[in-house]
Each structure stands twice: as C-alpha cells, then as structure tokens.
Amino acid sequence: WTGLFLPVHLQPELSVAGELLAVQPWVYLVDNFNNRIRRSQVPAGTRVQAWLLVGDAYATTAQIFEGNPPRLLRGGCNERCFGIRPTICTTCSDVLFDASAAFVKYSDLRVDIAGTNYRLRFNSSGFEVTSQYFTVINTAASTLSLSEVDTVIAADQRLRKQPISLLVDRFNNPVTELVSGHRPQVTARLFTQGGLPTLPPLPPARGQAPGTICALNTPLLQGTTTVNMSMGLGVFTDLMIVHAMTGYIIEISYTPTQGQVFNVNSTSINVVAGRPADLCALTLPQRCSTNSPCLDPSEVVCTDVWGNVQRTCNLCRPGDSECDPLSIPTQFSNRCRPGQICVELDRAPPGAIITSSPGKVYLGNVPVPFAVIGTGQFGGALFDELIITATSPGTALRFFTYLHVPGSNTEARYFEFISPQFNVTPAGPVIERAQLTSSINQLEIRFNRPTNRNRIAGLPEDLSCARELDPAFRASLGTPHYCSWPSSTTLLVSFGDGATIFPRFPGPADEEEYARLYPPPTRVMLSPNSRITYSFMYEGRLMTSQPATTQLGIIVNGQPITPIYPSLPTIIPVPDVQLSGLLSLGGCELINIDGSSSAGHAGRPFTQTEWQLDFQRSFLTQGIMAAGGEKGFTNRDIEFSNLFAEDENLVHIKLRPTAPIFPNSIISITGLPGQ
C-alpha cells in the first residue's frame, strides 16, 4: 500500500444544493501503479477521512455566507434542519469510513451551500488524494428580497436608491442563471394607494393632493422595468416615478418557468414635483362671450417635465448662486414681469383685443393681461376676468412667463402654453324691461334681441314657466300661471289666483325712503337652467350665445346685470263704476243698488266698496230735505229757568224748520254749553 486513488469517473460533478452529490466518490487503497491492494494487505483499523475544500482552504474555515458556512454533510444521517432564511442543516459529523475492503464507497455526501471551486480531499494513514473541482448550484428559489429605496424623490429624477433584488433558495444561495437552464429575470411594477392620478375637474385619487397634476403621463414607472438576474441579483438602474403622489409601492416579482411566483414590495415612496419645465392650464377659460368676462376662470401653473404642478414656479434651488426668482433682465421683464404669467391672443379675428381686470400691461397700444403666480386655488396664476372683444369660433390664447436662469444675469427661460381653440360666442339676450299689461293680469318680459324662445330640441313645449323662470319668482305668480312667447323677443307671463306681484312704483331714488313709502318690488328672475339664447351665422358657422341670465353682477356685452322689476302699464286702468236700480225711494225703504256692470278693475274683484248719498243730486219730494227749499231752522228761542250760580238750570229751545219734518224725526243739536 503506497497511496489512495480516486477514479475520475467516480469524482463529484455538477450537483444541486441540498441534494446528494450527483456522483458519489469511491476511494481505493492502491500500490505504486494504482492497483488496488488485497484486503489482507490492509492494516487493521484503517479508515479514510473525507474533507471539503473551498479552493485550497478547508471548508471548516471558509464562509461564503455569514452564519451558514459550507459543510460536507451526510444526507439522512441524524439530519436536523432549522430556520427559514437561511435553512441550516446538520448531520452526522462522522465522515471517517472503514477501509478494510481496500476501498471506501461513499453514498450520502452532500453540500448545501452553492459554490464553483469545491473539491473533496481524502486521507488515511498519511496518504491523501484530492478530487477535481466541482460546482454546487442553488436549489429551487425560495425567497425574493429587496434593498432599501428612496422614501422621497422628485418626479424629474431617477431614484437615487435603485431597487436591487436578491433571489435565493432556502439555504440563502443566490439563484443563478443556471437554474432550470434559463436566464431568470425580475420585473418591477408600480402600485398606488388607489388607482391612477386624475386631472381637474375630477376628484384626486387617493394619495394625490388636489391640483398637483396638470398633464397625465403613463406609465407612471419609467425606465427599464425588467432586468436579467446575475448571481441571484436583479439590479435596476434607471427607474423613475413621474407623477407627484404619496404612498407609491414598487413591487419586484420573479416568475419561474413553473411553480411559485415570488413578489417583494418596497417601502412607501412619496414623489414631489421637479423643476419647472413648462406651463399648463389646470382650468381653461370657458363660456366666453363678446365683451364679457369668461364665466369660467383659467388657472395657469408651472409644471415639471412630466406635468406635475410646481407651485413656486422657480428654477432657483438652495445653493444656486446669483439666482433671484424676482429678478430677470429688463428686455424680458418689459413684456412680462417676474412672478407673473401673462396672456395674449394666439388666434382671433383681426382687431380683436383681450383685456382683463385688474392686471394688464401694454405693448404699444395692445393690453397684455397678467395674473400673479400664487393667486389661484392651487398656487397658479388665476385669470378670472378675461374679456375678448370679438366673436370667433376658434379663439386660442397664449400664456407665457419668464423665469430667471440660475447663475446668469443675462438669461431668462421662456415658457408658454397655447390653449386649445374655443368659442367666443355673441353676447346673450338681456331683459330690457318687464311691464304689466293694461289688464294687470299679465307680465310682458321683453329681451333686447331675438331669442330661440327657449325651445330645447327633443322636448315638448312647456307652458308652466318652469324652464324660463326662477322658482322663487314663480312662487309670486299665483296658481295656475302660464308662459308663452308671442314673439322671439317677448315672454308673456299670465298670472294665476293669489298672485302677489309688486311693481316698482315711480318714487324716490333713495332706497330707504322708497321702502318707507312702498312695499318691496318683486324682482323678475330667470331660471338658472333656462336656455334662452341668441344665434347668428358667423363665417358659415352657427354661433349661439350663452343663456340669458338675471344673476346680478354678471357682465353681458360690457354691461353688468342689474335687478329687473315689473313696471306699471303705460295707461293705468281706472275702475268704471256703473250703478243701477235706484230710480225712486220711498220713506224707510231699503236701498238696492246693482254695480255688476262696473268694469276696468284689472281682472280682479273689488276688495272693498264704500258709498254715500249725494244730497245735492237727490230729489226727495217731502220733508226738510225736499228739493228746492233751503234746509235749516228759524225763530230760535232759548229760555233759562234761572241764572243763579251753581243752581240746576233747565234750558228750553224752540225751533222752526224751513220745511216740513216727518213725525218722530230725530234732530241732533251740538254746541250747547255744558256748564
């Protein structure tokens, strides 16, 4: 016996962690010519010891992963495993085998830790032999882990801490490209707290602050979202999240060719807006009519390259030298001052002008309206009184501003936003007057231009006034009341029973004095849902105005809406009283008078009648009131019973009438002294 021999075909080859070596080694006791010696030549008690080498070092001193060093194990021999990541197994520590048969045949050796430079070394009685290098690859994937990522990042920057995923098996071995013969990949997906972000006027998504996104870009996660894994690592290098929201989660997933899908989530990521790179309109001017402020204001904001609202509208950053956001070169500030966003017509008919109140500058004789950044609801510039002087079916606006370039005293960066084309409609119809008719039971409302008579396509005619008049005004019209259109400029309102319409009487201009003399007048109000409009053809296109309105303060064709009250008719109706049935009257007879032929009471019954007898025009035939005689008394005679003070005095008065008096007539005398 001169040595140990390990046949090549009986040496370990590529094996899988946690499984028995694919080729179990046989070690022979041989002579100088590698012939196996006879059993009788084997000394009693001869044994062969097996060792695991990592490179040239014994595995007992080498550690590939801390806490779970590579070991030469005997599968199934008192095996105990514990832990989840990693799983650590121990087996029989005895790898000293009896060699009395002049060879040792191993059958249960295994290695749990993956590696590429393993060797086995065997020794006995001073002889040793070492195997060729062999590789142990990972077993099936068990766990996917993820490195730390940014918690706050700007939308125009890549993640500073890019996700790095690690795919390992249960022994914490990285899953390499050799598994299952395919190259493993990991994919990154982005999750929000509640769906995609939204644009105004839609309510913001969960995690999205109102007014923080003006233009939507997808996908939200930009960059290379699928990467190959090497040595179990999936390294992302260029991921960025493009919209400002809170609570983003990046999910990293690994999908094998078969079996379980592995997922791991990042910590929560909050994204804020980047540096200004453009202008954008959160809201656009709408419902614009000639010479009238657009009814819907426009808020223009600075945005970063992805459309996130940058509230400061400032290119300067802490530490930037010579950067004053409120100071830009004169050649730029003469057109639009720092801290402002200006607007001009980009497309409009010749001669059209855009104005605004209160902010405007002038380029020559042309006003350039502006708004101060920060006046809007979401930190932008609010244009709430834009007025365009010409009707047009395709008007477009250019909003622009200049921002100071950090580190330069001669440069300014120009940003602009050109709005989509919109209609500037003709001025809508306005109520010229509301006048009671001569019968007082109708109200004639006259508009200053022809209307569509409030006709709505697909709906039948409605006489109830619900489409034309405000409910509060209709409540004063009585029941039932009706509305009709005698012409395109006149709305006729017929009152019902119980109408309580109070006109505006001619009187003092002072409101307090008027209120002292007259009841409050009834204000005529159109329904906010009315569709009373004016239309005309402009360059071959039908242009329809905004609906007529009685909302106070709204400007139509340059004039503010003021209260409209019913006025009295041109000719005030006077009652024509016709009484009949009293031709002659005898003494003590009841007086019967018929007034049913009276007219001119404005469609309503008299609420009170008063009458009296006109003696000058009465023709009684007898008595003191007889026609032709002077009514009175003559021959007055007064007698006093005594003239002593404090005595009771009886006064006798004798009178003679100038005409006969009926018996039992009552004569009243006034003016007698009491004392």
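The values are calculated or read from the model by the stated rules, or taken from the named source; none is laboratory data. Bear in mind that the values here come from a model prediction, so they are computed numbers and not experimental data. Here Cβ is always computed from backbone atoms with ideal geometry, including for glycine, and neighbour counts include all displayed protein chains. We work out accessible area using only protein heavy atoms, side chains counted, and drop any ligands, DNA or RNA first. Shrake-Rupley method; radii C 1.70, N 1.55, O 1.52, S 1.80 Å.
Ordering 481, 652 by how much accessible area each has at a 1.4 Å probe, largest first, what is the list?
Ranked from most to least accessible, the order is 652, 481.
State the Kirkwood hydrodynamic radius of the stretch 193-351 in Å, one decimal place, computed from all pairs of distinct Cα atoms.
19.5
Per DSSP helix of 4 or more residues, -39500 (n - 2.57); summed, then divided by the residues of the chain. What does that give at 222 nm, rounded to the nearest 500?
Estimated from H runs of four or more residues: -500 deg cm²/dmol.
Provide the gained length on full extension for the span residue 26 to residue 312, in nm with one decimal, where the gain is 0.36 nm per separating residue minus the Cα-Cα distance.
95.2 nm
Normalising by the residue count of the chain, find the relative contact order in percent from Cα pairs under 8 Å and 6+ residues apart.
Relative contact order, the chain: 7 percent.
Using alpha carbons only, how many angstrom separate the centre of the stretch 506-538 from the centre of the stretch 95-109?
114
Take the Cβ-Cβ distance between residue 589 and residue 670 as r, set R0 to 25 Å, and report the resulting FRET efficiency rounded to the nearest 0.05.
Calculated value: 0.30.
Given a Förster radius of 25 Å and the C-beta distance between residue 599 and residue 490 as r, what FRET efficiency does 1/(1 + (r/R0)^6) yield to the nearest 0.05?
About 0.40, to the nearest 0.05.
Each label point is 7 Å from the Cα along the Cα-to-Cβ direction; what then is the distance between the points at residue 209 and residue 421, in nm?
3.8
Work out, in µm²/s and without decimals, the Stokes-Einstein translational diffusion coefficient of the chain at 37 °C, 0.692 mPa s, Rh from Kirkwood over C-alpha pairs.
Value of D from the Cα-based Kirkwood radius: 87 µm²/s.
With all protein chains present, how much of the accessible area of the chain (probe radius 1.4 Å) comes from carbon and sulfur, to the nearest whole percent?
52
Just to confirm, what accessible area per residue do you get for the chain at 1.4 Å probe, in whole Å²?
Per residue, the chain has 55 Å² of solvent-accessible surface.
How do 538, 133, 248 stack up against each other in accessible area, from largest to smallest, with a 1.4 angstrom probe?
133, 538, 248
Provide 1, 611 ordered by accessible surface of protein heavy atoms (probe 1.4 Å), highest first.
Putting 1, 611 in descending order of accessible area: 611, 1.
With a sphere of radius 15 Å drawn around the Cβ of residue 417, what net charge do the other residues whose Cβ falls strictly inside it have (Lys, Arg +1; Asp, Glu -1)?
It works out to a net charge of -3.
When DSSP assigns beta bridges and you keep just the ones with both residues in the chain, what percent turn out antiparallel, to the nearest 5?
Rounded to the nearest five, the antiparallel share is 95 percent.
Quick check: residue separation of residue 335 and residue 572 times 0.36 nm, minus the Cα distance between them. What number comes out in nm?
79.2 nm
Contour minus end-to-end for residue 287 and residue 258, with contour as 0.36 nm per residue of separation and end-to-end as the Cα-Cα distance?
4.5 nm
Work out the length of the dipole vector of the chain about its Cα centre, built from +1 on the beta-carbon of each Lys and Arg and -1 on the beta-carbon of each Asp and Glu, and round it to the nearest 20 debye.
It comes to approximately 2640 debye.
Please report the base-10 log of the normalised intensity I(q)/I(0) for the stretch 34-142, using a Debye sum with one equal scatterer per alpha carbon and no solvent, at each q in 0.18 (1/Å).
Debye intensities relative to I(0), on a log10 scale: -0.96.
Under a crude label model (7 Å from the Cα following the beta-carbon direction), how far is residue 408 from residue 199 in nanometres?
Output for this residue pair reads 3.0 nm.
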